[in-house]
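One structure is given below, encoded as structure tokens.
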Amino acid sequence: MQNFFMTTILGVALTMLATPLLAGERRQAVFAGGCFWCMEPPFAGLPGVIEVTVGYCGGGKANPTYEEVSSGKTGHLEAVRVIYDPARISYEELLTVFWRQIDPTDAAGQFADRGSQYRTAIFYGDEHERQAAEDSKRELEISGRFTASVQTAILPLQAFYEAEEYHQNYYRKNTRRYQAYKEGSGRAAFLRQTWADTDKPASPPSKSWQRPDAEILRHRLTPMQYEVTQNAGTEPPFAGEFWNNRRPGLYVDVVSGEPLFSSLDKFDAGCGWPSFTKPLPGVALIEKHDASHGMSRTEIRSPRADSHLGHVFDDGPQPSGQRYCVNSAALRFIAVDDLEKEGYGQYRSLFP
């Protein structure tokens, strides 16, 4: 424990070597909340968040590997670096999201993961962030939400080292394994129970659903997601993430987060792509004539970000008679149990 805290007082100089200064309207926030697989998704979908990277922070060894960090001997914590636009989302809002992903009373790890490398911490980069973190921690302590004291450390930011590529966007690359881990570790059940009575979503909703610029999209989206949404590509049938997804929840634009479809309107069309009888109420999809590939079809695009989604056909089930055939790569799925914390709490009433 003593060694752990001694490593946190290394100078900010290391941070400047490992993490370049951000210009313009980009700032960074660094949080440790146990397994970084589970800390990336809550921030990645927030309006105003530009990029989320998983990595290691707080230790004294340069460029540590996952094996070295997981041994607990380097002093690093598994962490996430959030690059955000402060004009669209504040540091205080990010803190709110952070607290609702962890057990802040656990000083020895998080859920099934034990050891100092899984401790929780807020790494502040300046006096404003330190004060905001202290204030939010104090508010949580006096709220009565937890009977035990809050153990999350507030530490000066040190060098942040990006984790290996296979850890980045793990929740998208290995969705089923990620979901199984989150449930099996006890994190998901703890968060549901702890925040069940809250009347505010953990992540702030947005009414703008703006399309990020091309540079950000190239970094944020997978090659297939970019090809489909930006170049009107088509993923192979029976290969997408959601073609046979039967879980209840919301399907949103992977580019902007705009809500588009509900699982209540999803059906198995046998075509190998997610199919819906209609979009969500109030969603007016853009329809365009598509004469590509020697066919005459009606293309559908998202209203706000103008993302290519797929096509609509007149061979669907009644009463609508329509089949909205959508690429999985154009969508992000929000399970019913995650709607509130992901900022889509207003749609919870749609589901039984």
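The values are calculated or read from the model by the stated rules, or taken from the named source; none is laboratory data. Predicted model, so just to flag it, every value in this text is computed and none were measured. Cβ sites come from the backbone with ideal geometry, for glycine too, and all protein chains shown count toward neighbours.
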Q.
Quick check on segment 207-238: of everything there that is at pLDDT 95 or above and β-branched (Val, Ile, Thr), which residue is farthest from Ile89 (Cα to Cα)?
A. Thr234
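Give the number of residues within segment 78-100 that are assigned to a strand (DSSP E or B), under 15 Å from Phe123 (Cα atoms) and in contact with a Leu (Cβ under 9 Å, 6 or more places away or on another chain).
So in segment 78-100, the residues assigned to a strand (DSSP E or B) come out as 78-84.
With the extra rule that they be under 15 Å from Phe123 (Cα atoms), the set shrinks to 78-83.
Now drop any that are not in contact with a Leu (Cβ under 9 Å, 6 or more places away or on another chain), which leaves 82-83.
Residues that pass the stated criteria total 2.
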Q.
Which of the numbered conditions does Asp103 fail, given that it passes all the others? Conditions: (1) modelled with pLDDT of 95 or more; (2) outside any loop (DSSP other than H, G, I, E, B); (3) out of contact with any Cys (no Cβ under 6 Å at 6 or more places or on another chain); (4) crowded, with 20+ Cβ neighbours inside 10 Å.
A. (2)
Q. Of the residues Asp253, Asp268, which is touching a residue at least 40 places away in the same chain (Cβ under 8 Å) and either among the charged types (D, E, K, R) or in the same structural domain as Pro41 (by TED's automatic domain parsing) (or both)?
A. Asp253
**Q.** Test for Ala121: is it assigned by TED's automatic domain parsing to the domain that holds Ala159 and either out of contact with any Lys or Arg (no Cβ under 7 Å at 6 or more places or on another chain) or part of a helix (DSSP H, G or I) (or both)
**A.** yes
(Q) Looking only at segment 148-186, how many residues end up being part of a loop (DSSP other than H, G, I, E, B) and without any contact (Cβ under 8 Å) to a residue 12 or more places away in the chain? (A) 1
Q: Could you give me the residue pairs with C-beta distances under 7 Å whose first residue belongs to segment 51-70 and is in a helix (DSSP H, G or I), whose second residue is aliphatic (A, V, I, L, M) wherever it lies, and which are 6+ apart or on separate chains?
A: Tyr66/Ala163
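Restricting to helices (runs of 4 or more DSSP H) lying wholly in segment 187-306: which have 2 or more residues that are hydroxyl-bearing (Ser, Thr, Tyr) and touching a helix residue (DSSP H, G or I) at 6+ places or on another chain (Cβ under 9 Å)?
Numbers: elements: 187-194, 214-220, 223-231.
By residue number, 223-231.
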Q | First in segment 310-322 and in the same structural domain as Asp265 (by TED's automatic domain parsing), second anywhere and among the small types (Gly, Ala, Ser) and surrounded by 12 or more Cβ atoms within 10 Å (Cβ to Cβ), Cβ under 7 Å, 6 or more apart | A | Gly310/Ala330; Gln322/Gly316
Q: Determine which member of the set Ser307, Ser275 is surrounded by 22 or more Cβ atoms within 10 Å (Cβ to Cβ), closer than 13 Å to Phe242 by Cβ, in the same structural domain as Gly233 (by TED's automatic domain parsing) and small (Gly, Ala, Ser).
A: Ser275
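Name the residue that is nearest to Asn231 (Cα to Cα), counting only residues in segment 307-334 that are over 23 Å from the mean Cα position of the chain (by Cα) and assigned to a strand (DSSP E or B).
First pass over segment 307-334, keeping only residues over 23 Å from the mean Cα position of the chain (by Cα): 310-325.
Okay, now just the ones that are also assigned to a strand (DSSP E or B), so 310-313, 323-325.
Working: Gly310: 11, His311: 14, Val312: 18, Phe313: 21, Arg323: 22, Tyr324: 19, Cys325: 17 Å.
Filtering segment 307-334 for residues that are over 23 Å from the mean Cα position of the chain (by Cα) and assigned to a strand (DSSP E or B), the one nearest to Asn231 (Cα to Cα) comes out as Gly310.
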**Q.** Unmet requirement for Asp268, which otherwise passes all of (1) over 19 Å from Ala335 (Cα atoms); (2) surrounded by fewer than 16 Cβ atoms within 10 Å (Cβ to Cβ)
**A.** (1)
Q.
Given the condition in the same structural domain as Arg27 (by TED's automatic domain parsing), farther than 30 Å from Pro212 by Cβ and not hydroxyl-bearing (Ser, Thr, Tyr), answer yes or no: does some residue in segment 78-100 qualify?
A. no
(Q) List the residue pairs whose Cβ atoms are under 8 Å apart, where the first residue sits in segment 290-303 and is surrounded by 15 or more Cβ atoms within 10 Å (Cβ to Cβ), the second is assigned to a helix (DSSP H, G or I), and the two are 6 or more positions apart or on different chains. (A) Ser302/Ala330
